[in-house]
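Participant: A single structure is presented below for examination.
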C-alpha cells in the first residue's frame, strides 16, 4: 500500500518591515536634529544674554569710576592731587564726565558735563547740555530740578533774565517738590533786580505761604523782623550737591 504523500506546510510570507524601519530611523534622526538645533539655539541665546549682562555690568562700573574721578575734581575733594588752576581742574572734571557719558549715558553724567561747562564759562554749551536732561530724562526727580536751576543761573549769566525766569517757573510748576522753595526765592530776587518790586513781594509771599518751614521763608521773615528791629535766625542755603557714582 503506497504511503500517503504528506503535504508540506506552506511557509508564511515574511512581512516587509525594512521600509518601515527605515522611515522610523529618518523620523528619529529628524527629531534628534530638531532637538539639537533647539539646544544650540538656547545655548547661543544664553551666551548672548550673559555677554550683554557682563558688558552692561562692566559699562556701569567704568562709568561710575569715571564719574567718581570727575566728582572729586569738580568739588576739589583731594587737594593733594588737584591741579593748581581751578580752570584746569574743571577741564579735567569735564573730560572724566564726558568719558562716563560715552560709556553709559545718564542724567548724572550729563548734568555734571553741563555744570563743568558752566564753571568754565562755556555758557552756550552749558545751556545745550543741560536742556537735554529734562527732555531725555523727564522723570528724574533729582537732576531735572538741578538742571533747570543751573539753566536759570546760566541764562542769568548770559544776561537773559526772561529766559532765567522761564526756567525758574518751570521748577515752580514741576511735578517734583525738590528745590521749589529755592526757585521761588531766586525768582523773587531776580524780579527785584529787574525793578519789579510788586511782583517780587508777591513771589516772596507765595514762598512763605507754600513753604513756611523752608530756610528761604525763614530768611525772608528774618529780614522783615530785622527791618522792624527784632532780628531772628534764618538763612537760605543752596542746593545740595549729588553724591558721586550714580
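Participant: Let's test the formula: R0 of 30 Å, r as the Cβ-Cβ distance of residue 194 and residue 226. What FRET efficiency results, to the nearest 0.05? Intermediate results must be reported in sequence, preceding the final value.
Facilitator: Values: r = 24 Å, r/R0 = 0.80.
Plugging the Cβ-Cβ distance into 1/(1 + (r/R0)^6) gives 0.80.
Participant: Stretch residue 59-residue 157 to full length: gain in nm at 0.36 nm per residue minus the Cα-Cα span?
Facilitator: Values: separation 98, 0.36 × 98 = 35.28 nm, distance 3.58 nm.
Going from the current span to full extension adds 31.7 nm.
Participant: Next question. Could you work out how far apart the two model spin labels at residue 131 and residue 75 are, taking each label as a point 7 Å from the Cα in the direction of the beta carbon, and quote it in nm?
Facilitator: Rounded to a tenth, the inter-label distance reads 3.0 nm.
Participant: How high is the FRET efficiency from residue 141 to residue 173, r the C-beta distance, R0 22 Å, rounded to 0.05?
Facilitator: 0.90
Participant: If the chain between residue 166 and residue 202 were fully stretched, how many nm would it gain, using 0.36 nm times the residue separation less the Cα-Cα distance?
Facilitator: Separation in residues times 0.36 nm, less the Cα-Cα distance, equals 11.3 nm.
Participant: For a Förster distance of 51 Å, can you work out the FRET efficiency between the beta-carbons of residue 102 and residue 209, rounded to the nearest 0.05?
Facilitator: Step by step, r from the Cβ atoms, then E = 0.65.
Every number here is computed from the coordinates shown, using simple stated rules; none is lab data. Keep in mind that what you see is a predicted model, and the values were worked out from it rather than measured. So basically every Cβ, Gly included, is an ideal-geometry build from the backbone, and we count neighbours across all protein chains shown.
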